[in-house]
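J.: First, the structure itself, so that you have it in front of you.
Bear in mind these aren't lab numbers, they're just calculated from the coordinates by the rules spelled out. Worth saying up front: this structure is predicted, and the values here are computed from it rather than measured. Glycine gets a Cβ as well: all are built from the backbone with ideal geometry, and neighbour counts include every protein chain shown.
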Amino acid sequence: HRKIGKPRRFALHFLVWFTGCSRTVSDVGAVRLVEMAEAVDTLLDRMVPALLDLAKRQLFSVAEIRNIVKARTEFEYKLRRRTAREDDFLRYIAFEEKLEKLRRIRKRTRSPDSAGVADHAGVRQILFVYERLLKRFSHRERLWLNYMEAADKYHAGPKVRHV
């Protein structure tokens, strides 16, 4: 997996310094895109242990995990853009809730006794997206209520106590 990182950003800064030019709008846009890609990569890297656990316990196939990663990547880029909309967050939450429901069903039927990292990762991901949603749209009471209902539904009451 190829990671966009400091070398590319350094190259851009060096080019600006070497040519003596001030940054143009396209340079600033390029830096923003690289920073966005790095942030998305960091978030996706945090999901790797749970995805490996899902594959190891055969709850999802390799092809299904690829589709999960692709969908999460698309959602993360949508949330990182300057004008992220409320419905982008809600679609991501709906996707994660369906994924968690499917994981629970498959766990019950395929490996009911085994426990792993992925058992709590889905709920954490759902609540994490809710928290990011609430940072952007904190004035919407309905979203706060949805967040508290989700925390109650997934038995994450202590998570909501700080609200």
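J.: Starting from the Cα of LYS98, draw a straight line to each of the aspartates and glutamates and keep only those under 20 Å, dropping any in the same chain fewer than 8 residues away.
T.: List returned: ASP53, GLU64, GLU74, GLU76, GLU86, ASP87, ASP88, ASP119, GLU131, GLU149, ASP152.
J.: Also, quick follow-up: Kindly flag which residue pairs out of LYS107/LYS153; LYS78/LYS101; LYS56/LYS107; LYS56/LYS153; LYS70/LYS135 have an alpha-carbon separation exceeding 20 Å in this structure. Working shown, then result.
T.: Numbers: LYS107/LYS153 18 Å; LYS78/LYS101 23 Å; LYS56/LYS107 12 Å; LYS56/LYS153 27 Å; LYS70/LYS135 25 Å.
Check vs 20 Å cut-off fails for LYS78/LYS101; LYS56/LYS153; LYS70/LYS135.
J.: When the Karplus curve 6.51 cos²θ - 1.76 cosθ + 1.60 is applied with θ = phi - 60°, which whole-Hz ³J(HN,Hα) does each residue of region 37-50 get, with x for Gly and Pro?
T.: Working through the residues one at a time gives 4, 5, 5, 5, 4, 4, 5, 5, 4, 5, 8, 4, x, 5 Hz.
J.: What Kirkwood hydrodynamic radius do you get for region 49-124 when you take the inverse of the mean 1/r over all pairs of distinct Cα atoms, in Å?
T.: 13.2
J.: Something else about it: Provide the FRET efficiency to the nearest 0.05 for the ASP113-VAL31 pair, computing r from the beta carbons and using R0 = 35 Å.
T.: 0.10
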